[in-house]
1. List pairs: first residue in segment 173-202 and more than 20 Å from LEU213 (Cβ to Cβ), second residue of a type in the set (Phe, Trp, Tyr) anywhere in the structure, Cβ distance under 9 angstrom, at least six positions apart or on different chains.
2. Do we find that THR235 is open to solvent by less than 60 Å² (accessible area, probe 1.4 Å), in the same structural domain as THR40 (by the TED database) and under 30 Å from the mean Cα position of the chain (by Cα) in this structure?
3. Within segment 199-256, which residues are touching a strand residue (DSSP E or B) at 6+ places or on another chain (Cβ under 6 Å) and either at pLDDT 95 or above or among the acidic types (Asp, Glu) (or both)?
4. Filter segment 152-168 down to the residues that are more than 48 Å from the chain's Cα centre (by Cα) and buried (at least 20 other Cβ atoms within 10 Å of the Cβ), then identify the one that is nearest to LEU225 (Cα to Cα).
5. How many residues are in contact (Cβ under 8 Å) with a residue 24 or more places away in the chain, open to solvent by 50 Å² or more (accessible area, probe 1.4 Å) and farther than 16 Å from THR40 by Cα when one looks only at segment 203-222?
6. Between residues in segment 265-292 that are in the same structural domain as LYS238 (by the TED database) and residues that are surrounded by fewer than 18 Cβ atoms within 10 Å (Cβ to Cβ) and of a type in the set (Ser, Thr, Tyr), which pairs lie under 6 Å by C-beta distance while being six or more apart or on different chains?
7. Inspect segment 2-22 for any residue being assigned to a helix (DSSP H, G or I), assigned by the TED database to the domain that holds ARG297 and either modelled with pLDDT of 90 or more or of a type in the set (Gly, Ala, Ser) (or both) and give the result as yes or no.
8. List the helices (runs of 4 or more DSSP H) inside segment 193-250, counting only whole elements, that have at least 2 residues being in contact with a helix residue (DSSP H, G or I) (Cβ under 7 Å, 6 or more places away or on another chain).
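The values are calculated or read from the model by the stated rules, or taken from the named source; none is laboratory data. No experiment lies behind these values; they were computed from the predicted model shown. Quick reminder, even Gly has a Cβ in these numbers, built from the backbone with ideal geometry, and neighbours come from all protein chains shown. We work out accessible area using only protein heavy atoms, side chains counted, and drop any ligands, DNA or RNA first. Shrake-Rupley method; radii C 1.70, N 1.55, O 1.52, S 1.80 Å.
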Amino acid sequence: SDAICNFVICNDSSLRSQPIIFNPDFFVEKLRHEKPEVFTELVVSNITRLIDLPGAELAQLMGEEDPKLPGANSTASGFFRSLMSLKRKEKGVVFGSPLTEEGIAQVSQLIEYLHKNLRAEGLFRVPGNSIRQQILKDALNSGTDIDLDSGEFHSNDVATLLKMFLGELPEPLLTHKHFHAHLKIADLTLFDEKGNKTSTPDKERQIEALQLLFLILPAPNRSLLKLLLDLLYQTAKKQDKNKMSAHNLALMFAPHILWPRNVTANDLQENITKLNNGVTFMIKHSQKLFKAPVYIRECARLHYLGSRAHTSKDDLDLLTSSGSKELQPLKSQKRSRLDSCHQEETQQRTEEALKELFRHVHNMPDSAKKKKLIRQFNKHPTALTPGSDVPTPPAPRRTRSRSFSGLIKRKVLGTPVILERKSRDTTPEPVRISKENVQLLQKCGSPAHMSQAKLKSLEGQKEESCRRMRARLLSKDSSSL
């Protein structure tokens, strides 16, 4: 619970302007602490996405089966491990005991001291004085306060004692359950264009797999591992002084933090190189390995703040691709309302343009052009006539005349025909039409007759097409003038 951020109300106005420290792994730590089973299932499902773990190895990683380690089939080695286990129980509270937070607090004094003395040549390789080491070891076991800066101990004494502490743990710092997973991570390599594996390590996938694997380590193991790898990383940065590169340090620490207990080099055989290279990789990239992957953070956050928790990176990708409408319902509704209003406005303007075009055609003098347009109306009644639910515009009443003065009268002083309609659904009364226009109305059809038939119209007729047809008719009419 100490790993979870604490929220404190600060009433000091002088401190309110200070930057706020935010822990991006807050929900990850919260999920790990409150629901360890859910957390483990989330992490392991993503580990199996990166590395191939058969059923037995997966069960060992989950703790459902005892890990099968190299040399475990030997009866003598099994007896030797049991004997060493009994001896460890007789030792003190720190050395040889299972890892605890109290033990880490004691050993952290050694790590803190070594951070100040990283320039010693051959650090972790040159052994220290055995007598001074025993004095220091007894002091740590008894819980006595130690002043390492007094000059009584050398940095090589402290470095050797740190390796001794790690070597006497009941199991390696990275645990027996994770042994096979680390071997598989070492085999993660890049693929060529044809999909064949190459000998080049896939560093990005290795870092991601180690991040996930470290998340399910026991809390004391993970805490000490972080302290240790950070120390080794800083040591390797000063290799020009101490002559200890990351690979040299890996050779010193791989048997203590990764090799199974009580095994020999013959038991590991070809895996020794993989294990040493694996520890070298951890030292070089230690600053990235203790950050939870982004999708794990998001899944943990959704578990507490979202409607549902997603259990893998693939599920999170699906959320990103399909959940945009759910995340912005108000915005979608607003957009649909705007689209509906725009569509209604466009349709209304189109119908008005059609009605005006329809009225203009019937006002034209009797000619071959008018007959051609009438035929087009008859061929495409749904596209070129007003909608059936729209009242037919009143047709102007005019006197049939081909004289110039009559044409001026029709265009300027023409009187509309009065159509009286009681309601939209009632049939209009007969329209008074002069005898001179009977033949014309019989040929092209009167507007009143068309309104009674309630001509069908095409919704969504573009206004631009109507405007072009109207312009063409007007130009034709002007030429006749």
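1. Note: pairs meeting the criteria are LYS197/PHE191; THR198/PHE191.
2. Answer is no for this residue.
3. Residues of segment 199-256 touching a strand residue (DSSP E or B) at 6+ places or on another chain (Cβ under 6 Å): 200-202.
ASP202 - this is the single residue of segment 199-256 that is touching a strand residue (DSSP E or B) at 6+ places or on another chain (Cβ under 6 Å) and either at pLDDT 95 or above or among the acidic types (Asp, Glu) (or both).
4. Looking only at segment 152-168, we keep the residues that are more than 48 Å from the chain's Cα centre (by Cα), and these are 152-154, 157.
Okay, now just the ones that are also buried (at least 20 other Cβ atoms within 10 Å of the Cβ), so 153, 157.
Numbers: PHE153: 24, ASP157: 21 Å.
Going through the qualifying residues, I end up with ASP157.
5. Of segment 203-222, the ones in contact (Cβ under 8 Å) with a residue 24 or more places away in the chain are 203, 205-222.
So of that shortlist, the ones also open to solvent by 50 Å² or more (accessible area, probe 1.4 Å) come out as 203, 205, 218-219.
Then drop every residue that is not farther than 16 Å from THR40 by Cα, which leaves 203, 205.
Final tally of qualifying residues: 2.
6. Qualifying pairs under 6 Å: ILE283/TYR233; SER286/TYR233.
7. First, pick out the residues of segment 2-22 that are assigned to a helix (DSSP H, G or I): 13-15.
Now restrict to residues that are assigned by the TED database to the domain that holds ARG297: none.
Looking for residues that are assigned to a helix (DSSP H, G or I), assigned by the TED database to the domain that holds ARG297 and either modelled with pLDDT of 90 or more or of a type in the set (Gly, Ala, Ser) (or both), one finds none in segment 2-22, hence no.
8. Working: elements: 203-215, 219-237, 239-242.
Fully inside segment 193-250 and qualifying: 203-215, 219-237.
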